[in-house]
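Structure first, then comments.
Quick note: the coordinates plus some simple rules give every number you see, no bench work behind them. Note that this is a predicted model, so its numbers are computed, not measured. Ideal geometry is used to build each Cβ from the backbone, glycine not excepted, and the neighbour counts take in all protein chains shown.
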Amino acid sequence: MLKINWDEFKEYKNSVHLKGDNFDKLLHFLKSYYNIVSTFDMYEALINDDLALMMLEKRDISSAEDLEKYRFSR
């Protein structure tokens with residue numbers, strides 16, 4: 001199980017100029033830092049972290065399919 005390194009995320013989001021909110025930046029971070037390209041793997045990582053889970057709940061994302069819709073609607 002992947003554990004999100006929030007300190008690395010903070011450094012990453014400050015060093016890379018990305019549009020979007022912190023959740024969008026987190027998704028990009030998971031893709032580039034951990035090399036996660038599968039939405040299902042990304043969702044698994046997010047639901048196993050308390051802070052990331054709150055971000056999912058805020059956006060009413062409750063499945064990998066919801067996350068995929070969110071990712072590709074941006």
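Key figures
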{"quantity": "Residue-averaged [θ]222 nm for the chain, counting only DSSP H segments that reach four residues, each worth -39500 (n - 2.57)", "calculated": "-19500 deg cm²/dmol"}
{"quantity": "Calculated FRET value between Glu8 and Asn48, using beta carbons and R₀ = 22 Å, to 0.05", "calculated": "0.85"}
{"quantity": "Environment charge of Leu18, counting only residues whose C-beta is closer than 12 Å and scoring Lys/Arg +1, Asp/Glu -1", "calculated": "+3"}
{"quantity": "Total charge dipole magnitude, the chain, about the Cα centre, Cβ charges on Lys, Arg, Asp, Glu only, Debye to nearest 20", "calculated": "340"}
{"quantity": "Pairwise label distance in nanometres, Tyr33 with Ser73, each label 7 Å out on the Cα-Cβ vector", "calculated": "2.6"}
{"quantity": "Ellipsoid equivalent to the chain - semi-axes via the Cα gyration tensor, in Å", "calculated": "18, 14, 12"}
